[in-house]
Amino acid sequence: MKGLNTPRAKSKKAGEACGLEVLRHSASHVLAAAVLRLYPTAQLGVGPPVEDGFYYDFKLPKNLSEDDLRPIEEEMAKIIRQDEPFERITIPRDGAIEEMKKLGQGFKVELLEEIEDDEVSLYKTGDFIDLCRGPHVPGTGMLKAVKLTKVAGAYWRGDAQRDALQRIYGTAFQTRGELDEHLKALEEAKKRDHRLLGRQLDLFSFHEEAPGFAFWHPNGVALVTAIECFWREVHLQRGYKEVRTPAMLNEELWHRSGHYENYREYMYFTTSEGMKLALKPMNCPGTLLIYNSTRHSYRELPLRYAELGQVHRREMSGVMHGLLRVREFTIDDGHIFCTPEQVTDEVKGVVDLILFLLEKFGLDDYIVELSTRPLKSIGTDEMWEKAEGSLYRALEDMKLAHKVSEGEGAFYGPKIDFHIRDCLKRTQQCGTIQVDFAMPERFDMTYVGPDNTKHRPVMIHRAALGSMERFIGFLIEHYAGLFPAWLAPVQAIVLPITDRQHEYAGEVGRELEAAGVRYEVDARNEKIGHKIREATLRKIPYMLVVGDRECKDRTVAVRECDGTDRGPIPLDSFVRDVSEEIRSRLIRRR
């Protein structure tokens, strides 16, 4: 893991991040000013800085395309060249409301009417004025490297029942060189887009008949199955027992668990024979019912349940994004029931499991985050104090560098999250560990202790990889579709040069199959160069070319997907080597 840096280095990075945030926030104001010059009737939404850039939402008289960004950029460049100062103006709230009404900015009026302070701040840049807390750079001339990147749809305040807006995204950096580097990374990211590669590699598709639900093709199922088999193998070795719970449960259960109160806007509901039901957004309540179905002794604990549980969440259409944000997905879930004395050791065991899995997937760059009690939570102060203490102790005992996010825990318990970085340094939340004293109380869970009386267990919620769909989307982009051989849907393809080699190609295929290698034989009447190009586009790790000489010598001419030509290799040697590579789940840096 690339751990956290020294306090001085962290302070420097925080300062740089703060500086970029101010720069980007200022750039969003310049964007809004430019749009108003080109579209005087535009209604202004909000324009915050975000990770890697900024955006501004507009209600416009026309639908923008990517071609419309150039004239907006040119207008921004004029404002930047004029080096207009950012002037802060503090006025009474009622005065600001009147000002925004005069300007015809209804969205700003709505925001102002919700502010309780008597005074508010506005920022003026040339003839442009906007509601804003600030801060900003001194003048627009400091914006040396700004670029608009895309236009997308949005809703006012994220509500699909409100006005439809257009969101213009952009980015800004201190120097042109930094911007160029960022734009280069964006181009690389486009090539790695898992939605594009999902089609190219025939892994999955999405359809209007089921928006937000992935359809897995045979190649995709092969990839999913490889991951799930590995997952089951590792969990069995670490003392987990696999369970399976229903997709739909009585609505009353979700009231009891606290999910209805805290999570209902993301849930699907229905009725059957007068019973109110809900599709599960999480797996934990079903696992609690399994635990409570029998009596338990302290001698059984810790009891570790694991589930590849399919869940459903009602996501808004505007936030769905390929496999990374879907309405149906599988969580590689786990729930551990243990005594209070066992909590810290169990948390350490889960951390070790997550680190082991990340290593096997070739993911060694990550950030560990500890999140504490949020404002909206269940359970007593004492429960939260114990739960947070156990997570702190586990991380300290393991000397694992981490950052603390106050108030960002789950509603039922504090948590440790693993944020993994891909080869482009983009982060994705992966594994999570949550210590929960509240749910066992709500479900009256017990075990018989050594004193022969009932005690309350502690529940640890954990996911080692998180959403399987999101994890696979991340892997596709991290490896640009060229997976390690053990994950590749097709691990080797046999390419006979002419019809004369078909019989030997079939024999090669049978040897691969016997060794557990996923393979294909391309027996089409096509030139070998064409076959190699197609196999390369499909990112098949090994291409085995067979001609007359290979038939005679019982060899295969091995080409790797990255273009490496290994030449002729005895068939039995190649089969032995590739099967060992797959069995050991070797990560080869290609």
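For region 309-339, which residues satisfy the criterion of being surrounded by fewer than 23 Cβ atoms within 10 Å (Cβ to Cβ), under 13 Å from the mean Cα position of the chain (by Cα) and part of a loop (DSSP other than H, G, I, E, B)? Scanning region 309-339 gives M320, G322, L324, V326.
The C-beta contact set for region 347-370 (first residue assigned by TED's automatic domain parsing to the domain that holds C430 and in a helix (DSSP H, G or I), second residue surrounded by fewer than 21 Cβ atoms within 10 Å (Cβ to Cβ) and basic (K, R), distance under 7 angstrom, 6+ apart or interchain) comprises L353/R238; K360/R585.
Inside region 361-384, can you point out the residues that are small (G, A, S) and touching a helix residue (DSSP H, G or I) at 6+ places or on another chain (Cβ under 6 Å)? The answer is G379, and nothing else.
Checking each residue in region 259-308 for being surrounded by 15 or more Cβ atoms within 10 Å (Cβ to Cβ), small (G, A, S) and in contact (Cβ under 8 Å) with a residue 40 or more places away in the chain picks out G286, A306. Among the residues making up region 384-433, a single one is surrounded by 16 or more Cβ atoms within 10 Å (Cβ to Cβ), acidic (D, E) and in a helix (DSSP H, G or I): E388. Scanning region 139-190 for residues that are assigned to a strand (DSSP E or B), in contact (Cβ under 8 Å) with a residue 24 or more places away in the chain and under 22 Å from the mean Cα position of the chain (by Cα) yields a total of 9. Please work out which one of (1) in a helix (DSSP H, G or I); (2) touching a Lys or Arg at 6+ places or on another chain (Cβ under 6 Å) is the condition G239 fails and give its number. G239 satisfies every listed condition except (1). Looking only at residues of region 533-566 that are surrounded by 19 or more Cβ atoms within 10 Å (Cβ to Cβ) and of a type in the set (V, I, T), we find that the one that is nearest to F483 (Cα to Cα) is I540.
When residues in region 545-590 are screened for being β-branched (V, I, T), modelled with pLDDT of 95 or more and outside any helix (DSSP H, G or I), 6 of them pass. Looking across region 103-126 at every residue that is touching a residue at least 12 places away in the same chain (Cβ under 8 Å) and assigned to a loop (DSSP other than H, G, I, E, B), the one that is nearest to E84 (Cα to Cα) is identified as G126. Restricting V578, V521, V545 to those that are farther than 23 Å from G220 by Cα and not acidic (D, E) reduces the list to V545. The condition of being out of contact with any His (no Cβ under 8 Å at 6 or more places or on another chain), exposed (fewer than 14 other Cβ atoms within 10 Å of the Cβ) and either farther than 17 Å from V326 by Cβ or without any contact (Cβ under 8 Å) to a residue 40 or more places away in the chain (or both) holds for only one of A210, A222, that being A210. Only a single criterion out of (1) under 25 Å from P281 (Cβ atoms); (2) modelled with pLDDT under 90 is not satisfied by L370, namely (2). R373 meets all of the listed conditions (1) buried (at least 19 other Cβ atoms within 10 Å of the Cβ); (2) in contact with a His (Cβ under 6 Å, 6 or more places away or on another chain); (3) not in a helix (DSSP H, G or I) but one, namely (2). Of the residues making up region 437-465, those that are assigned to a strand (DSSP E or B) and within 14 Å of P302 (Cβ to Cβ) are Y447, H455, V458, M459, I460, H461, R462.
The values are calculated or read from the model by the stated rules, or taken from the named source; none is laboratory data. Given the structure is predicted, the values throughout are model-derived calculations rather than measurements. Neighbour counts are summed over all protein chains in view; Cβ atoms, including those assigned to glycine, are modelled from backbone coordinates with ideal geometry.
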